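S.K.: Before I ask anything, here is the structure I am working with.
The values are calculated or read from the model by the stated rules, or taken from the named source; none is laboratory data. Note that the structure is a prediction, hence the values are computed from the model and not measured. Here the Cβ is made from the backbone with ideal geometry for all residues, glycine too, and neighbour counts use every protein chain on show. Note: accessible area is taken over every heavy atom of the protein model, side chains too, but ligands, DNA and RNA are not part of it. Shrake-Rupley method; radii C 1.70, N 1.55, O 1.52, S 1.80 Å.
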Amino acid sequence: MNKQQRLDWMPRRIVADMAAACGEDPNGDREALVIAYQMSVGLSADGWPGKDTAQSLYGSGVAIPRNRQAVERAFGPMPWKKTGRGRGIKWTAAAPDIDSMILHNGAKLRVWSPLVGEVAALFAIACEASGYTPKSVASYVPRVIGGTDRLSFHSYGIAIDFDPTKNPWGGVQKNGKPSMMRQRPMFYEVFEWAGWSWGGRWEDGKGDDMHIERKA
């Protein structure tokens, strides 16, 4: 998206929150609003409502890792071993700090503790903006990636799966319809705006539609 497209894209909830944060009119010029907000929080006032602006509004204050190596460095050594049950693992020393939370629709979720506020805000905005509220939401599951000895980001509580049956790998439901993520793209776009990655972009756009992770 170019700047104007991104400004037009911004859901009303984001515009309202930004305006409230800097004391501006939510019905005024959007670029002027973004500049006013950026100035109020010490960001570069370029009028581009990108990841830095999103993280300033809703973020946890923890930098978003760019790749797997950065994730592993951020969490540090955490020895583990397989449980012998499927892909499950158990920690043998340190483990991620995981918190339980309740989303706005009453769904329970366990995520990495620093992300509780960020996940709550982005999920609520994504649901409102897209008109789609997933019934199944799951994050923390200590396990490896299938066919590998690499930890899934679910093991750290920094990945979330939404409605697996409605958002299958490949993007097509059993009834032949596109996944709900593809029918309601504003859902994952809100998370992408905040710097998260959507698994549906993997494998040349035929990837893991249910999966969104906090990695650039």
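S.K.: Relative to the longest principal Cα axis of the chain, at what angle does helix 12-22 sit, 0 to 90 degrees, rounded to 10?
M.R.: Here the helix axis deviates by roughly 70 degrees.
S.K.: Rounded to the nearest 500, what is the chain's calculated 222 nm mean residue ellipticity when only DSSP H runs of at least 4 contribute -39500 (n - 2.57) each, over all residues? Please list the in-between numbers first.
M.R.: On the way: 9 runs with 77 residues, N = 216.
Helices in the chain give a 222 nm mean residue ellipticity of -10000 deg cm²/dmol.
S.K.: Pop out the carbon and sulfur fraction of the accessible area of segment 1-128 as a percent, whole number, probe 1.4 Å.
M.R.: 47
S.K.: Quick one: compute the contact order of the chain, relative version, from alpha carbon pairs under 8 angstrom and 6+ residues apart, as a percent.
M.R.: Once divided by the residue count of the chain, the mean separation gives 16 percent.
S.K.: Leaving out ligands and nucleic acids, and using a 1.4 Å probe, what accessible area per residue does the chain come to in Å²? Kindly include the intermediate steps, with their values, before the conclusion.
M.R.: Values: 10780 Å² over 216 residues.
So the chain comes to 50 Å² accessible per residue, rounded to a whole number.
S.K.: For the chain, what is the charge dipole size about the Cα centre, in debye to the nearest 20, if Lys and Arg each add +1 at the Cβ and Asp and Glu each add -1 at the Cβ?
M.R.: In total the dipole reaches around 1200 debye.
S.K.: If R0 is 30 Å, what FRET efficiency do you get for residue 22 and residue 68 from their C-beta distance, rounded to 0.05?
M.R.: 0.25
S.K.: Kindly report, to the nearest 10 Å², the accessible surface of residue 104 as traced by a 1.4 Å probe over protein heavy atoms only.
M.R.: Result for residue 104: roughly 110 Å² accessible.
S.K.: Heavy atoms only, probe 1.4 angstrom, no DNA, RNA or ligands counted: give me 29, 204, 46 ranked by accessible area, highest first.
M.R.: 204, 29, 46
S.K.: What is the extension gain from residue 4 to residue 172, computed as 0.36 nm multiplied by their sequence separation minus the C-alpha to C-alpha distance, in nm to one decimal?
M.R.: Additional length available on full extension: 57.3 nm.
S.K.: Could you give the length gained on full extension between residue 201 and residue 99, defined as 0.36 nm per residue of separation minus the Cα-Cα distance, in nm?
M.R.: Full extension of this stretch gives 33.9 nm more.
S.K.: Hey, could you grab the Kirkwood Rh for segment 30-87? Inverse mean 1/r over distinct alpha carbon pairs, Å, one decimal.
M.R.: Values: mean 1/r = 0.0694 Å⁻¹.
Result for segment 30-87, one decimal place: 14.4 Å.
S.K.: Which one, 183, 61, 121, projects farthest toward the positive side of the charge dipole computed for the chain from Cβ point charges (K/R +1, D/E -1)?
M.R.: 183
S.K.: In square nanometres, what is one fourth of the surface area of the convex hull spanned by the alpha carbons of the chain?
M.R.: For the chain, the mean projected area of the Cα convex hull comes to 13.0 nm².
S.K.: Only sites in a loop by DSSP and with at most 16 other Cβ atoms within 10 Å count here; which trypsin sites (Lys or Arg not before Pro) in segment 120-206 make the cut?
M.R.: Within segment 120-206, the qualifying trypsin sites (Lys or Arg not before Pro) (loop, at most 16 other Cβ atoms within 10 Å) are 135, 150, 174, 206.
S.K.: Next up: Could you compute the net charge surrounding residue 208? Neighbours are other residues with a C-beta less than 10 Å from the C-beta of residue 208; K and R count +1, D and E count -1.
M.R.: -2
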